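Presented below is the structure to which this report refers.
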Amino acid sequence: MLATWITRQLVFNGIVTGLVIGLLAMGIVLVYRSTRVINFAVGNLGLPGAALLALMLLNYGFPYWVGLPLVLLLGAAIGGVVELTVVRRLFDAPRVILLVATVGVAQLMRAVIAAYPDADAAGERFPVPIGSAWEDVLGLRITGPQLTIILVVPAVAAGLGLGLNRTAFGKAVAASADNPDLARLSGVDPRTVSTFVWVVAGLLSTLSIVLLSGQGGSVTGLESLGPLTLGRALVAAVIAGMWSFPRAVVAGVGIGVAEALLRFNSLSEPGLTDFVLLVAVLVAVYLQSRSRQEGEAFAFTPKTTAVPERLRHLWWVRNLPRGVLAAGLATAIVLPLIVSLSARHFLYASIICFAICAASVTVITGWAGQLSLSQMTFAGLGALTAAALDRGIELDVGWRSTQLVDFEAGGLPFFVAIALATLVGAGLAALIGLGALRVRGLLLAVSTFVLALAAQQYLYHRPFFTAGAPGSVPFRRGTLFGLDLSSQRRYYYVCLGALVVTLAVLARLRASGVGRSTVAVRDNPEGAAAYTVSPTRVKLSAFALAG
């Protein structure tokens, strides 16, 4: 007899959904095992095929068994085209560059389905091969889409696992990833292997999105299905060590069951699953062994060539960087005086704030060699914290009849609230960066990506941040040295001053022992430790500074 918070039907539904998550996780593991890159496009690669299937059947009357093979071929072709046009051009680039390219590919796939004509979805469900339902099978209600998943996913997973673990081609895939040069000497072309792997990844992604859409039943909202499913598949792949296909499927099933139970028992907290996944991926990344991680140091920019000796004596060559910065600053100062529209001033201030956030990426990736996909998440949490401190906070935390925290405080001045929120952001970034202490590879990108999803779905909606506001959270501007900042132009100049100070401080830090130590730990942590530079302290400092 199951408890009231768990039922046989809930567990079954979670297992079915988890099988598809595991299938998508296998696609992530497949690409990582063959190319040592985490494919952030694997969730969205299947969107064009799934959306096209709905269009073909609902708008143009295609039979299901004609449309399905066509869209599966389309998914495989998309994977091959992405490999030939993007991955192959970056084949010898640092893995971090290729990872960022997959993020761009994911956005491109969303743009593709946005250009599709609208499906005739009035009263229609996503097409499925089996539309029947069985009401009482061992106490379970089994629908046609669920039966399809139960039959298809284990067969595909078993075939893929056997093909890559027991065949000569599977050994070639592993060899091309472990030692490409040796693989070439053995007659294995790593580029051909990469093309095949991406074709399979596109096929698996399309099949996964089609199965999930059929189970969900909705024709609309496909564009959001890819990123949310990707987050869960990434967690399953990390739990599997980015290597084991069976563990990826088992982890996907576990995530599906946990999500079903959390959704049923916390209807008022719809994003709680994403927060729990964040905790799970932080633990999984931290526990990953160094032996399974690549030891490559990251840098977005290549090493620059030194200025030729014959040009160093020229005054304008020596001062060219300073001249460009001075010209940019002069333009930024004069532009709001020429353009008088307040809306434009607000836009310019927003651009400057994005530039400050981009400077944080320079610290965490350029200096420390760690890829973070959640810098804007830290910015959002910092802004919400500052707004909460500005209006006054009230914390009432307890469990049932036990009162754990009961605290109230009045509002703080505008810039005091911003300063304290900055410290909170630094602490949160350092906490997320704990995973970087053991992981020297791309897995930290997974942690920060899942953090971004958890913040969007759950953290941003906490009462501490929103104070019950149904939409945007109010945060009224204060004063600076007696000046009212309600003017858009005046506030623009405050933001510009913040950018100048930020860049000046970072330039000074980069030239100091702090910057040199951070780069040294990025390039050679063991060598830096031999010179009494603590990699742990340096990495956490870089995360805190970037946050």
FRET efficiency estimate (nearest 0.05) - Cβ-Cβ, Thr192 to Glu124, R0 51 angstrom: 0.75
With every protein chain kept in place and a 1.4 Å probe, segment 112-259 has an accessible area per residue in Å² of 45 Å²
Return, ordered by residue number, the residues of segment 189-213 whose backbone nitrogen is under 11 Å from a label point located 7 Å along Cα→Cβ of Val112. 202-203, 206
Ordering Tyr348, Tyr460 from largest to smallest accessible area (1.4 angstrom probe), what's the sequence? Tyr460, Tyr348
0 to 90° range, to nearest 10: angle between helix 375-391 axis and the chain longest Cα axis: 70 degrees
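Express the carbon and sulfur contribution to the solvent-accessible surface of the chain as a percent, rounded to the nearest whole number, probe 1.4 angstrom.
Solvent-exposed carbon and sulfur of the chain make up 66 percent of the total.
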FRET efficiency for Leu311 and Arg184, Cβ-Cβ distance as r, R0 = 51 Å, nearest 0.05? 0.80
Which ³J(HN,Hα) values, rounded to whole Hz and listed in residue order, are derived for segment 144-159 from phi using the Karplus coefficients 6.51, -1.76 and 1.60 in 6.51 cos²θ - 1.76 cosθ + 1.60 with θ = phi - 60°, glycine and proline given as x? x, x, 5, 4, 4, 4, 4, 7, 7, 4, x, 5, 5, 4, 5, x
Could you give me the ³J(HN,Hα) list for segment 225-241, computed from phi with Karplus coefficients 6.51, -1.76, 1.60 and θ = phi - 60°, whole Hz, x at Gly and Pro? 5, x, x, 5, 5, 4, x, 5, 5, 4, 4, 4, 5, 5, 4, 7, x
Would you kindly state how much longer the chain becomes between Leu73 and Met376 on full extension, computed as 0.36 nm times their sequence separation minus their alpha carbon distance, in nm to one decimal? 105.4 nm
In debye to the nearest 20, the charge dipole size for segment 20-119, taken about the Cα centre with +1 at each Lys and Arg Cβ and -1 at each Asp and Glu Cβ, equals 320 debye
Please list Val276, Val253 from largest to smallest accessible area, probe radius 1.4 Å, with all protein chains kept in place. Val276, Val253
Before anything else, pin down the relative contact order of the chain: Cα pairs under 8 Å, at least 6 apart, normalised by residue count, whole percent. 20 percent
Beta carbons within 10 angstrom, averaged per residue: use that to sort the peptides 149-158, 254-263, highest first. 254-263, 149-158
Taking 7 Å along the Cα-to-C-beta vector as the label spot, tell me the Arg490-Arg263 distance in nanometres, rounded to one decimal. 5.0 nm
In 10 Å bins starting at 0, how do the alpha-carbon pair distances of the chain split up by percent? 3, 15, 23, 25, 20, 10, 3, 0, 0
Share (percent) of C-alpha pair distances in segment 62-200 greater than 19 Å works out to 68 percent
Would you mind getting the accessible area per residue of segment 419-547, heavy atoms of the protein chains only, 1.4 Å probe, in Å²? 51 Å²
Kindly sort Thr7, Thr362, Thr220 by accessible area of their heavy atoms, largest first, with the probe set to 1.4 Å. Thr220, Thr362, Thr7
What is the gain in length, in nm to one decimal, between Arg318 and Leu423 on full extension, counting 0.36 nm per residue of separation less the C-alpha to C-alpha distance? 34.0 nm
Please state the relative contact order of segment 34-125 as a whole percent: Cα pairs under 8 Å, 6+ residues apart? 50 percent
Within the chain, helix-based [θ] at 222 nm, where runs of 4 or more DSSP H residues each add -39,500 (n - 2.57), nearest 500: -21500 deg cm²/dmol
Rounded to the nearest 10 Å², the 1.4 Å probe accessible area of Thr502 is 40 Å²
For segment 1-77, what is the accessible area per residue in Å² when the probe is 1.4 Å? 34 Å²
Residue span Leu151 to Ser534: 0.36 nm per residue of separation minus Cα-Cα distance leaves a gain in nm of 132.6 nm
Mean separation of Cα contacts under 8 Å (at least 6 apart) over the residue count of segment 108-160, i.e. the relative contact order in percent, is 22 percent
Tilt of helix 8-35 relative to the longest C-alpha principal axis of the chain, in degrees (0 to 90, nearest 10)? 60 degrees
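The values are calculated or read from the model by the stated rules, or taken from the named source; none is laboratory data. Only a predicted model underlies this, so the values are computations on that prediction, with no experimental measurement involved. Note that we place each Cβ from the backbone using ideal geometry, even for glycine, and neighbour counts take in every protein chain shown. The protein model used for the area step is the full one, side chains on, heavy atoms only, and it has no ligands, DNA or RNA in it. Shrake-Rupley method; radii C 1.70, N 1.55, O 1.52, S 1.80 Å.
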